[in-house]
Structure formats: C-alpha cells, structure tokens
Amino acid sequence: MPRTKYVFVTGGVSSSLGKGIISASLAKLLQARGFSVTIQKFDPYINIDPGTMNPYEHGECYVTDDGAETDLDLGHYERYLNVPTSQANNVTTGRVYQSVIDKERRGDYLGKTVQVIPHITDEIKYRVKLLGNTGDYDFVITEIGGTVGDIESLPYIESVRQLKWELGDQCVVVHLTLVPYLAAAQELKTKPTQHSVKLLLESGIQPDIIVCRTEKPLNESVRNKIAQFCNVERNSVIESIDAPSIYQVPLLMREEKLDIEVLAKTRTAYNKEPDLTKWESFLYKLEHPKCTVNIGLVGKYTELKDAYKSILESFIHAGTENLCKVKVHRISSECISKDNVEEKLGEMSGILVAPGFGDRGIEGKITAIKYARENNVPFLGICLGMQCAVIEFGRNVLGYTHAHSTEMEPRTKYPVIDIMDDQKDIDDMGGTMRLGAYPCSIREGSKAYEVYGKLNIKERHRHRFEYNNKYKDEYEKAGMIASGINEANDLVEIMEIPTHPWFIGVQFHPEYGSTVAEPHPLFSAFVGAAKEYRSEPV
Ligand code: GLN
C-alpha cells in the first residue's frame with residue numbers, strides 16, 4: 001500500500017489569511033490529479049466543539065453527515081472536494097484533553113505523571129494519523145488553527161515538529177503568511193514573514209513551502225528575499241494574491257505550482273495535469289451571469305458575514321446553475337415590522353428566513369414570512385425559518401392567536417412547534433441536539449418532489465424542536481402540507497403551500513450539502529423561482 005503523505009498548513013503574522021481556502025485549494029489540485037485527499041482542522045480552543053458557541057464567537061457551526069458540530073472550514077473542504085467529512089476531520093484541544101483525562105482515569109497511564117509532552121502531543125499525533133491509517137487517502141492535509149506564536153497552539157506545533165522528524169519526506173509543512181503592502185513606501189514588506197518563520201524555527205520547524213498572502217503581485221526580488229531569509233527554495237515561495245472569489249484560488253495555486261511543490265517535496269510520482277474542467281466551467285458561469293436576482297436573507301446576524309457562510313456559498317452555487325448573479329441582502333429580522341416590511345422586502349425576488357435559536361428578532365421573521373406568503377414572493381425557510389412559517393400560518397390563516405414555538409413561549413396556547421420527545425429530559429447542552437443526516441420521504445406530486453426528483457432523500461439536521469403533529473390535519477385542510485416526513489419517528493421535515501408559486505420550509509439544513517460539483521437542488525430551484533418572479537440586468 002502506498003504511504004499516506006501528510007501536509008500541515010500553519011499560519012503566521014495574522015489570522016484570517018485564508019488557511020482553510022489554501023488547504024482546500026491544494027486538496028482540490030491533488031484530487032484533480034487523481035489522488036484521494038482529505039482535509040482536517042485542528043482547533044486550539046478548549047470547547048469540545050463549536051456547537052455551544054454563538055456565531056459572534058465562531059461564525060457558522062457546520063454539521064457533518066455523522067452529526068459532528070464543526071468549524072466552518074469543513075464546509076469549504078466539502079464544497080471544494082465534494083467528499084463528505086466526519087467527526088474525525090475536526091479536532092479541538094477540548095477533545096484531545098478529554099480523551100487523555102479519560103485514559104488517565106481508566107488507569108491507562110498508571111504510575112506515570114501525565115504531561116503535555118508526551119501525552120497530549122501523542123494524542124494529537126494519533127489523531128493526525130487517524131484518517132491516514134484508514135488507508136483510504138494518499139494525502140491528509142491538516143490545517144492547524146490559530147497563528148504561530150499563540151500559547152494555545154504550542155502542543156500542535158510541537159506535534160508537527162515530532163511528526164516531521166518521524167515521517168521525513170512523507171510530511172511537508174506549508175506556512176501561510178502575510179506580505180503587506182505599505183502604500184507610503186510603495187513596497188511589499190517581507191519582514192513580518194521573516195519573523196513568523198523565525199518563530200516557527202524556534203519551535204523546531206523549518207517550513208518547506210511559504211505561501212504569501214498579498215494584495216499586489218510578488219516581484220522577483222521579494223520572492224528571492226523570502227527564499228533566502230526563510231531558508232526555502234525559490235520555487236517554494238508561492239504567491240496568494242487577493243482574488244474576487246474564493247473559487248478562483250485553486251486556479252491561482254495551479255499557476256503558482258503549489259501542488260507540484262508538495263508532490264516534489266513528498267517525493268510523490270505524478271504524470272498528469274490536474275483536470276479542472278468542471279471547476280473551470282463553474283467559474284465561467286460564475287463570471288458570466290445573464291441577470292441578477294436579489295434575495296433577502298432575513299436573520300439576526302446581519303453584520304457577521306461568517307454567520308450564514310454555507311447559505312451564502314449555496315447561493316453562489318445555485319446562481320451558476322441558473323446563470324444569474326445572486327445578490328444576497330442580509331436584512332436584520334429585528335428591524336422588520338408590519339409598517340416597514342414592504343420597504344425592506346418589496347424589491348426582493350425571493351426571501352430566505354435563516355436558521356437560529358432564541359427569541360431575538362423572531363417577530364420580524366414571522367412578519368417577513370407573512371409578506372412572502374401573501375404577496376406570492378418565493379420563500380425558503382430553513383430550520384427555525386420553517387418553524388416560523390408554521391407559526392405564521394397558524395396565527396394568520398388558522399386564527400391560532402399567539403401560536404408559537406415552546407422554545408420562545410413555553411406556555412403558548414397553540415404550541416405548533418414543540419420540543420421533540422427525546423429532547424425533553426436532556427440537561428447537557430453540548431452535542432445533544434438532533435444532529436447529522438437523517439432520511440426523509442417525500443410526498444409524490446409535491447413541490448418538494450419536483451425539486452428533488454426522487455422520493456427518498458437524506459439531509460443534515462441541527463435542532464431540538466419540531467412541528468407539532470397534533471395540528472397536522474388543520475394545517476393540511478387550510479393549505480399548508482407536510483411534503484417530507486422522517487418515517488421512523490413521524491417527524492415533519494418539509495412544509496409547503498401548494499397554492500403559492502414557491503413556498504417551502506425545511507426542518508433540515510440544505511446549505512450544508514451544497515458543493516461546487518453538486519449545487520443543492522433546493523437552492524437551485526429557489527433561485528430559479530426567484531429569477532422567474534423578478535430579475536434585473538447584471
Ligand atoms: N431553535 C430551533 C430548534 O432548536 C431551530 C434550530 C435551527 O434553526 N438550527 O429546533
């Protein structure tokens with residue numbers, strides 16, 4: 001069996017340089033050459049997973065098929081590679097310590113003092129190699145969260161040092177840094193990069209490849225200087241220039257030969273060029289839209305661009321399917337009222353009400369849905385968005401005054417959304433929601449069936465509340481039907497209004513399943529309906 005090669009991606013100088021995108025782009029290039037690749041993210045915080053953090057702390061929480069609540073970078077990995085990730089692809093310090101402490105209590109280290117080195121680093125190394133040891137991958141790319149020099153990253157950096165020493169040319173370290181442009185001096189500056197490489201060297205790691213994030217092209221002298229002062233070959237200095245779309249980065253990395261450098265350094269034989277035909281045709285469509293569609297994204301985290309990351313990316317994928325540019329307008333649900341809803345949403349071609357938790361902004365979401373329903377504006381409700389659609393219909397069509405979800409109003413007279421039975425006795429908040437992929441059966445002849453073109457689907461979930469089946473007959477009679485059901489527990493997964501041109505609410509999260517290679521059918525159909533309803537020139 002050929003040996004799995006390990007690529008580590010570290011970051012220096014600043015956070016937010018795009019380690020996730022560089023890792024995913026490199027993976028894409030290797031995959032396009034016929035290698036099997038997976039990417040994992042190691043996060044230095046002490047939470048077991050990001051599931052209990054709010055989006056202000058951590059952006060979106062991404063959910064895998066096997067129900068892991070993970071870092072949003074895993075979303076990029078899936079969108080680029082079109083291969084599902086799993087629990088093993090996201091490791092946190094919390095998880096590492098938890099398993100070491102569990103082993104200590106079991107007596108696995110009897111007689112020993114348990115220490116960061118070797119016990120924590122051994123656990124990190126074990127987890128780095130876990131996916132590689134399955135034999136399924138030629139390359140395992142490990143992105144180390146945080147920035148070199150952070151106190152909490154130290155055990156990870158030390159583990160990388162040990163692995164590099166143990167694995168030799170089976171292992172390569174790619175260091176991503178910033179090369180800032182100083183307008184006053186009209187120069188790109190290499191000193192921050194030199195310093196961050198020095199920091200890595202202090203920890204015993206000589207990076208093999210340096211990827212330089214920059215606003216301006218790196219000239220020869222800058223490249224030479226970085227090579228010379230950071231002890232890397234000239235070809236191993238890779239430019240990563242700001243791009244208008246993250247989806248262009250694999251092509252930029254191909255031009256810079258990042259994949260070839262990795263193949264050379266790991267002594268991996270290769271004979272073909274990366275086949276990016278499909279990727280390029282996606283990019284072509286992205287760059288040549290024929291019209292514009294305006295979508296109102298109603299949620300409470302409008303100022304945070306990472307809070308709805310997967311939704312925004314799904315719209316980009318769906319736009320290419322419909323040959324249109326999707327302009328997403330993030331509209332704060334807290335600012336929507338009966339009096340201004342027309343002004344806020346009147347220009348939109350479609351309205352999406354976002355997932356979420358808690359009471360804040362809930363009435364604005366319900367008002368937005370009423371507007372979409374009454375004015376025949378295409379509507380997609382996701383998770384809490386679907387639950388709000390049920391509440392709105394209950395209140396305004398069925399006359400259930402103050403109908404609500406028991407999440408917001410535990411004593412409501414009409415609990416049209418209620419806690420799931422198996423959630424009632426749960427006290428711990430971490431990792432206890434209904435998480436991951438579950439099957440859903442679709443009703444023949446429904447809009448959902450038209451969208452998916454099949455009767456059985458699987459979608460990912462993250463919720464504790466559900467549609468209350470007690471009210472199902474009344475809803476169906478009044479015109480809101482359950483068109484998708486999880487048969488194992490009779491849980492309603494999809495609601496729709498057949499008399500409306502396009503009104504669908506889903507309990508699951510289609511946004512986690514949209515990739516460049518396979519845009520999600522719900523998003524594609526929603527954008528298609530929005531385009532038909534109203535579109536503008538580009
Ligand atoms: N708060 C709702 C629930 O727990 C919806 C969750 C969501 O939108 N992800 O059921």
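Here, each number is a calculation from the coordinates, and none is a lab measurement. Just so it is clear, the model here is predicted, and its values are computed rather than measured. Here the Cβ positions follow ideal geometry from the backbone for every residue, glycine too, while neighbour counts run over all protein chains shown.
Looking at the range 438-518, which GluC sites (Glu not before Pro) are in a loop (DSSP not H, G, I, E or B) and have at most 15 other Cβ atoms within 10 Å? It would help to have the intermediate numbers written out before the result.
On the way: sites: 444, 450, 459, 466, 474, 476, 487, 493, 496, 511; in loops: 444, 487.
When the GluC sites (Glu not before Pro) of the range 438-518 are filtered for loop state and at most 15 Cβ neighbours within 10 Å, 444, 487 remain.
Charges on Cβ only, +1 for Lys and Arg, -1 for Asp and Glu, centred on the Cα centroid of the range 420-538; of 502, 512, 455, which one is farthest towards the dipole's positive end?
502
If a/c stays under 1.5 just call it rounded; otherwise compare a/b with b/c (prolate if a/b is bigger, oblate if not). Do that for the range 305-462, with a ≥ b ≥ c from the square roots of the Cα gyration tensor eigenvalues. Don't jump to the answer; show the numbers that get you there.
Working: a/c = 1.44, a/b = 1.10, b/c = 1.31.
Note, shape of the range 305-462 comes out rounded.
How many angstrom lie between the C-alpha centres of the range 403-428 and the range 441-499?
Centre-to-centre distance over Cα atoms comes out at 19 Å.
Can you compute the helix-only [θ] at 222 nm over the chain? Use -39500 (n - 2.57) per DSSP H run of at least 4 residues, normalise by all residues, nearest 500 deg cm²/dmol.
Helix-only estimate at 222 nm: -10000 deg cm²/dmol.
What ranking of 288, 329, 463 emerges when the number of other C-beta atoms within 10 Å of each C-beta is taken as an exposure proxy, fewest first? Working shown, then result.
Numbers: 288 11, 329 15, 463 23.
By the 10 Å Cβ count, ascending: 288, 329, 463.
For a label point 7 Å from the Cα of residue 99 along Cα→C-beta, name the residues of the range 143-157 whose backbone N is under 20 Å from it.
Those under the cut-off are 143-146, 153-157.
Between residue 402 and residue 269, what is 0.36 nm times their sequence separation minus the Cα-Cα distance? Round to one decimal in nm.
Values: separation 133, 0.36 × 133 = 47.88 nm, distance 6.67 nm.
Length difference between fully extended and current span is 41.2 nm.
Just name one of 253, 62, 398: the one whose Cα is farthest towards the positive end of the charge dipole of the chain (beta-carbon charges, Lys/Arg +1, Asp/Glu -1).
Result: 253.
Could you sort 268-280, 74-86 so that the peptide with the highest average Cβ count within 10 Å comes first and the rest follow in order? Can you show the working numbers first?
Numbers: 268-280: 13.1, 74-86: 22.7.
Top of the packing list down: 74-86, 268-280.
Go through 485, 353, 157 and say which Cα lies farthest out towards the positive end of the charge dipole of the chain; charges sit on Cβ, +1 for Lys and Arg, -1 for Asp and Glu.
157
With a ≥ b ≥ c the root eigenvalues of the C-alpha gyration tensor of the range 225-266, is it rounded (a/c under 1.5), prolate (a/b larger than b/c) or oblate? Write down the numbers at each step before the final one.
Details: a/c = 3.71, a/b = 1.54, b/c = 2.41.
Oblate is the answer for the range 225-266, as a/c is 1.5 or above yet b/c matches or exceeds a/b.
Nearest 5 percent is fine: what portion of the DSSP beta bridges confined to the chain is antiparallel? Please list the in-between numbers first.
Details: 26 of 78 bridges.
DSSP beta bridges in the chain are roughly 35 percent antiparallel.
Calculate, in nm to one decimal, what residue 287 and residue 340 gain on full extension: separation in residues at 0.36 nm each, minus their alpha carbon distance.
Details: separation 53, 0.36 × 53 = 19.08 nm, distance 3.44 nm.
Contour length minus the Cα-Cα distance gives 15.6 nm.
7 Å from Cα along Cα→Cβ at both residue 474 and residue 166: what's the point-to-point distance in nm?
Here the modelled spin labels are 6.2 nm apart.
Taking the Cα atoms of the chain, what is the range of coordinates along each of the three principal axes, in descending order and whole Å?
73, 64, 47
List the lysines whose Cα sits under 17 Å from the Cα of residue 472, skipping any in the same chain fewer than 8 residues away.
Residue 472 reaches 413.
Determine, for 409, 233, 239, 303, the number of other Cβ atoms within 10 Å of each Cβ, and report the residues in order from fewest to most.
Working: 409 17, 233 13, 239 20, 303 9.
Listed from fewest to most nearby Cβ atoms, that is 303, 233, 409, 239.
Extension gain residue 375-residue 219, at 0.36 nm per residue separation less the Cα-Cα distance, in nm?
50.6 nm
Relative to the Cα centre, what is the charge dipole magnitude of the range 360-445, using +1 at the beta carbon of each Lys and Arg, -1 at the beta carbon of each Asp and Glu, and rounding to the nearest 20 debye? Please report the intermediate quantities before stating the final value.
Working: 10 positive and 12 negative charges, 85 e Å.
Computed about the Cα centre, the dipole is about 400 debye.
What distance in nm lies between label points placed 7 Å from Cα along the C-beta direction at residue 413 and residue 428?
It works out to 4.1 nm between the two label points.
Tell me whether the range 53-182 comes out rounded, prolate or oblate; compute the Cα gyration tensor, take square roots of the eigenvalues as a ≥ b ≥ c, and use a/c under 1.5 as the rounded threshold.
On the way: a/c = 1.41, a/b = 1.26, b/c = 1.12.
Since a/c stays below 1.5, the shape of the range 53-182 is classed as rounded.
What is the dipole size for the range 334-396, taken about its Cα centre, with +1 at each Lys and Arg Cβ and -1 at each Asp and Glu Cβ, in debye to the nearest 20? Present the calculation step by step, with values, prior to reporting the outcome.
Numbers: 7 positive and 9 negative charges, 42 e Å.
Charge dipole, the range 334-396, about its Cα centre: 200 debye, nearest 20.
Just to be sure I understand the curve: with the Debye formula and one point per C-alpha of the range 399-538, what is log10 I(q)/I(0) at q = 0.11, 0.19, 0.21 Å⁻¹?
Summing over Cα pairs of the range 399-538 leads to -0.47, -1.23, -1.38.
Cut-off under 21 Å on the C-alpha distance; same-chain residues fewer than 8 positions from residue 531 excluded. Which lysines are left, in chain and number order?
The qualifying lysines are 285, 290, 325, 327, 344, 370, 447.
Suppose every Lys and Arg Cβ carries +1 and every Asp and Glu Cβ carries -1, with no other charges. What dipole size does the chain come out with about its Cα centre, to the nearest 20 debye? Don't jump to the answer; show the numbers that get you there.
Working: 62 positive and 75 negative charges, 200 e Å.
Around 960 debye, computed over the chain.
Across the range 10-153, how many lysine pairs, 8 or more positions apart or on different chains, have C-alpha atoms separated by under 25 Å? Please give the number.
15
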